[in-house]
Amino acid sequence: MLEELKKLEALQVIDSQIFNLEEELDTLPDKNDSLENEITEKENKISELKNAIELQATEKEKRDEILKKGEEKLKTITGKQSAIRNKEEYNALLREIDNTKRFNRDLIDEINEINREIEIKTEELNVTESDFMKEIEECRKQIAANSKRMEELDATIEKLYDKRDALAQNIRPAVYNKYQRILEASPNGKAIATADHRVCLGCNMTLPPELYNMVLRAVRIEVCPNCQCILIPNTDISKKTSE
Ligand SMILES: [Zn+2]
């Protein structure tokens with residue numbers, strides 16, 4: 001039986017590698033999803049800023065148009081001065097000139113205010129855009145690296161499965177099936193633990209003496225009562241003493 005157990009030990013080495021690689025592989029699609037979301041958020045933020053600036057520019061254009069008309073009006077009514085016939089008309093004209101001038105001045109103030117806002121927002125856009133572009137590029141690089149890693153992992157895992165299938169074929173079916181059941185139920189991909197000095201090295205539990213003796217004799221498969229792993233006696237004495 002010891003020989004079968006040693007084969008299980010070799011199988012476990014491969015299965016642990018598969019387990020770890022599959023764990024890594026599982027995390028990568030989610031990582032890429034959140035990176036894609038990060039890119040979308042940043043792109044949206046840039047669009048929002050651009051839209052806000054565009055809105056302000058439209059508002060400014062509207063006022064420019066009105067101001068143009070106001071200035072034309074001022075020119076026209078100022079030109080009417082020569083046609084004045086009496087004091088009432090003259091006073092009325094002066095009031096109109098004053099009103100138009102005030103209207104135009106208010107518009108110019110508004111336009112200047114909008115120009116300042118556009119300037120501030122454009123500055124903000126420039127800084128944000130250059131920061132975000134760098135960050136988006138980093139995200140894209142990371143996504144590409146993750147995708148490449150996924151392909152590598154797929155290929156490596158496939159090879160490891162071929163290797164483990166070849167090993168599994170040489171293990172007695174009853175032994176292999178027991179191992180497989182424990183492996184599939186295991187949360188950490190472990191179905192094998194070494195028993196050493198009466199301790200299960202899988203979970204560090206001290207084993208009952210009679211169980212430990214059975215493990216040392218290796219006549220049948222013994223399982224740790226705590227972690228359910230198949231217990232393998234530590235036969236690597238030379239390695240132990242050199243440690
Ligand atoms: Zn254990």
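The values are calculated or read from the model by the stated rules, or taken from the named source; none is laboratory data. Keep in mind that what you see is a predicted model, and the values were worked out from it rather than measured. Cβ coordinates were reconstructed from backbone atoms using ideal geometry, including for glycine residues, and neighbour counts include every protein chain displayed.
For the residues 170, 204, the requirement of being within 15 Å of the ligand (Cβ to nearest atom) and either surrounded by 17 or more Cβ atoms within 10 Å (Cβ to Cβ) or assigned to a loop (DSSP other than H, G, I, E, B) (or both) singles out 204. Scanning region 89-129 for residues that are within 33 Å of the chain's Cα centre (by Cα) and free of Cβ contacts under 8 Å to residues at least 12 places away in the same chain yields 120, 123, 126, 127. In summary, residue 162 fulfils each of the numbered conditions (1) more than 16 Å from the ligand (Cβ to nearest atom); (2) touching a residue at least 12 places away in the same chain (Cβ under 8 Å); (3) acidic (Asp, Glu) with the single exception of condition (2). Can you confirm whether region 176-198 contains a residue that is at pLDDT below 95, among the acidic types (Asp, Glu), away from the ligand (no atom under 16 Å from the Cβ) and not assigned by TED's automatic domain parsing to the domain that holds residue 49? No, that holds for no residue.
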